[in-house]
Amino acid sequence: TNTASRRANSLAALEPRYASAFAEFLRPLVIGAVGYSGRAWLTLANTFEAHGVEHFLRALEERPQGSPLLTVSNHVAALDDPLLPSTLVPLDRLLTAGRMRWTLCAEENCFRTAFTQCFFAAGKVVPVRRGEGADQAGMREMRDRLREGEWVHIFPEGTRSRDGGATLRRAKRGVGWLAGEAAKGAAADPVIVPFVHDGMQNIQPRGKAPRTGQTVRVLVGEPVEIGDLLAARRAQRGVASATALASAQMDGSSAVADAALHDAIARRCDRALRVLHARLQTGGEATAGASRWADGAYADIASDAFAPANSSDDHKWAVPWVGSALTGPVWAQTLRECMASLEPQPPFAASVALPQAASVRRASALELLFGAGSATLAQRPLEPPLGVSFSAGVIL
């Protein structure tokens, strides 16, 4: 009992460290050093492929003032974060720690010693305790950060994959709790951007040192639509207030309705990740065409949640290293494509039929590294910060 009490007290002392003056002082150094080294590891020592990054960048740079940004992804390796966020963002963000993401980490993994406590706190990592549910100190801190319009990245599955990312665990209610509770005090509804990735499990296998010469593929989807769910819940609150229910009855019914909202948001995030995961696993990440998310298994996903997209825009893609750039136009794809056939079977197995992939240009590795031309991220702030091009529907 005494040991458990001491452990609880020591953990409680960790919670405010991410907001300490010392953590603030170290933050630019830690985020810059980790971000640049992680980005170099993925793009130089390994092969990094990405598609749909424009959805993420648009949310990052153009969302309404004060609007929370919540990115969600699958989790296959301990280095998923910070390597992936550091490589997806425009290069200049790594020099401005205040514009980088916040994230969560299990306290038993990231906050074991005084050094790791200091390091992860400076890296904008907040401890969370497994098994204590969504309404705990670390989650409340993330909720508050979202309400202030900041960017938070989480893994809805709650833990790393046990099979190298071959399957996805069901998204936990916590992602819905974060979005739903953040919406109560934010200036605008949260923007939720899903992405899936594959290959990080080969770069850092469990219990082994990081590797080189591997390929990491990332597929970013369009924001998950939750505005209708939030609007419906607000309407429920208005009706409950107007009918002047007894306080205890109102509190009980409100908690049930909030839990239903959180579950509905989590299901939509889960669905989006599964659609993206199926596309990535079947090589359909660069499929051409304008379409919508599949309705599939969840009745609360409206068939008109996503309008048709333009899929014929040309983009110039900036190379991420040393300010050089590759300016050749490539066929920019959006991710409004929907599976032609997607019939989930327990436990969420999917049968996918994909349209024919686009025929596009390929760039050599030397072009991607050293670049050609003079386009810059500053000139095209919404262009993906990756020197990439496509071949046979896959980014190379």
(request) With label points built 7 Å along Cα→Cβ from the Cα atoms of R211 and N109, find their separation and express it in nm. (result) 2.0
(request) May I ask you to order 53-61, 101-109 by the average number of other C-beta atoms within 10 Å around their residues, highest value first? (result) 53-61, 101-109
(request) Return the ratio Rg/(2.2 N^0.38 Å) for region 34-174, where Rg is computed over Cα atoms only. (result) 1.05
(message) With the crude spin-label approximation of a point 7 Å out along Cα→Cβ, what separation in nm comes out for F25 versus R58?
(response) 4.3
(request) Express the relative contact order of region 101-160 as a whole percentage, based on alpha carbon pairs under 8 Å and six or more residues apart in sequence. (result) 41
(request) Can you tell me the order of 194-201, 146-153 when each peptide is scored by its average per-residue count of other Cβ atoms within 10 angstrom, highest first? (result) 194-201, 146-153
(message) Along its three principal axes, how long is region 101-242 when you only count alpha carbons? Whole Å, largest extent first please.
(response) 60, 35, 25
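Values quoted throughout were computed directly from the atomic coordinates according to the rules given, and no laboratory measurement underlies them. No experiment lies behind these values; they were computed from the predicted model shown. Here Cβ is always computed from backbone atoms with ideal geometry, including for glycine, and neighbour counts include all displayed protein chains.
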